[in-house]
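One structure is given below, encoded as structure tokens.
FYI, it's all coordinate maths here, none of it is from the lab. Given the structure is predicted, the values throughout are model-derived calculations rather than measurements. Cβ atoms come from the backbone with ideal geometry, glycine included; neighbour counts cover every protein chain shown.
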Amino acid sequence: MYMHDNQMHLQFVSLSQNEAFARSVAGAFFTQLNPTLEELTDVRTAISEAVTNAIIHGYGNDTGMVTLEGALDGDECTFTIRDAGVGIPDVALARQPFYTSHPELERSGMGFTLMETFMDEVAVESEVGRGTTVTMKKRVKAQASK
Amino acid sequence: MDLNAIRTGQRVKVQLSGELDQHSADGVRDALDALIADGSVRELVLDMSRVSFMDSSGLGVLLGRYRTLNARGGRLLLSAVPAPIDRILKLSGMYSLVDRA
């Protein structure tokens with residue numbers, strides 16, 4: 001009946017205090033795949049990057065809703081982070097290491113790089129004036145002790 | 001995030017506790033800047049042992065403090081960095097700028 005083994009859908013206001021909340025939710029959902037501590041940290045960090053982008057870049061000084069969706073299929077988890085904010089004019093540029101659209105905010109520009117390092121796949125769709133969707137996948141590695 | 005700081009001569013050592021993300025970054029930035037506002041501070045040592053989480057927003061805070069200190073010929077040092085945070089620091093090339101204490 002459902003497309004996935006397990007799935008969840010969460011919406012929250014784009015307040016920075018919800019970054020930790022989103023990490024906790026994503027981590028708790030992903031834990032169902034029995035990840036290692038490192039894999040769990042990878043997911044929490046990647047989610048934190050995507051959610052932070054939605055909050056500070058997508059919505060900037062405005063507020064809006066951020067959507068976090070998760071799906072489990074076998075040993076793989078897919079997360080989707082969506083905002084209806086300003087959108088990214090040049091996604092390839094945004095994904096370059098160290099690029100930041102807000103140098104005055106003293107940001108490292110490493111958000112997408114960390115997402116790409118810690119997750120197996122990262123896809124970004126965006127439309128200026130409509131918003132951005134980031135889809136990330138991670139597969140847990142089989143362990144003899146599990 | 002909580003900070004505990006000790007000044008000894010030109011060195012300020014700060015123990016950070018908690019999560020360093022975009023939400024906590026402004027407060028940490030302001031607190032660290034206040035601690036190194038005195039131009040005679042030449043070394044800032046950050047004890048990272050109790051940092052339970054850090055993402056790229058934390059990198060921005062570290063980078064900014066490095067720049068402030070570097071401008072006056074000072075240094076930023078990191079001590080007791082937990083393994084997950086060490087990975088992020090290596091990935092970003094931070095260790096070419098800051099030293100391990």
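Shielding value for A:41-50 is 4, the average number of Cβ atoms from other chains within 10 Å of each residue's Cβ. Shape index of the protein assembly as shown: Rg/Rh, with Rg the Cα radius of gyration and Rh the Kirkwood radius from the inverse mean 1/r over Cα pairs, equals 0.99.
Pick out, from B:40, A:113, B:4, the residue whose Cα sits farthest towards the positive end of the charge dipole of the protein assembly as shown, with +1 on the Cβ of Lys and Arg and -1 on the Cβ of Asp and Glu. Most positive-ward Cα: B:40. I'd like the antiparallel share, as a percent to the nearest 5, of DSSP beta bridges with both residues in chain B. Beta bridges within chain B, antiparallel portion: roughly 30 percent. Note on residue A:61 and residue A:120: their simple-model spin labels are 4.3 nm apart, each label 7 Å out from Cα toward Cβ.
The mean sequence distance of close C-alpha pairs (under 8 Å, at least 6 residues apart), as a share of the length of region B:2-77, puts its relative contact order at 36 percent. Taking label points 7 Å from Cα along the Cα-to-Cβ direction, residue A:76 and residue B:42 give a separation of 5.6 nm. If you plug the beta carbon distance of residue A:127 and residue B:2 into 1/(1 + (r/R0)^6) with R0 = 45 Å, you get a FRET efficiency near 0.65. For region A:22-146, the relative contact order is 28 percent, taking Cα pairs closer than 8 Å that sit 6 or more residues apart in sequence and dividing their mean separation by the residue count. Among residues other than residue B:50 with Cβ under 14 Å from its Cβ, the summed charge is -2 (Lys and Arg +1, Asp and Glu -1).
Of the residues A:17, A:32, A:96, the one that moves most in a GNM of chain A with alpha-carbon contacts below 10 Å is A:17. Note on chain A: GNM, Cα springs under 10 Å; of A:27, A:129, A:85, the largest mean-square fluctuation is that of A:129. Its Cα centre serving as origin, region B:2-77 has a Cβ charge dipole (Lys and Arg +1, Asp and Glu -1) of approximately 480 debye. Counting only other chain Cβ atoms within 10 Å of each residue's Cβ, the peptide B:19-26 averages 6. When DSSP beta bridges are limited to those with both residues in the protein assembly as shown, what percentage is antiparallel, rounded to the nearest 5? Here the antiparallel bridges make up roughly 70 percent for the protein assembly as shown.
Its alpha carbons considered, region B:2-77 gives a radius of gyration followed by a Dmax of 11.5, 32 Å. If you run the Gaussian network model on chain B, springs between alpha carbon atoms under 10 Å, then out of B:76, B:62, B:91 the most flexible one is B:91. The angle between the Cα long axis of helix B:22-35 and the longest principal axis of the Cα atoms of chain B comes to about 20 degrees, rounded to the nearest 10. Going by neighbour counts of Cβ atoms within 10 Å, the residues A:95, A:23 line up, fewest first, as A:95, A:23.
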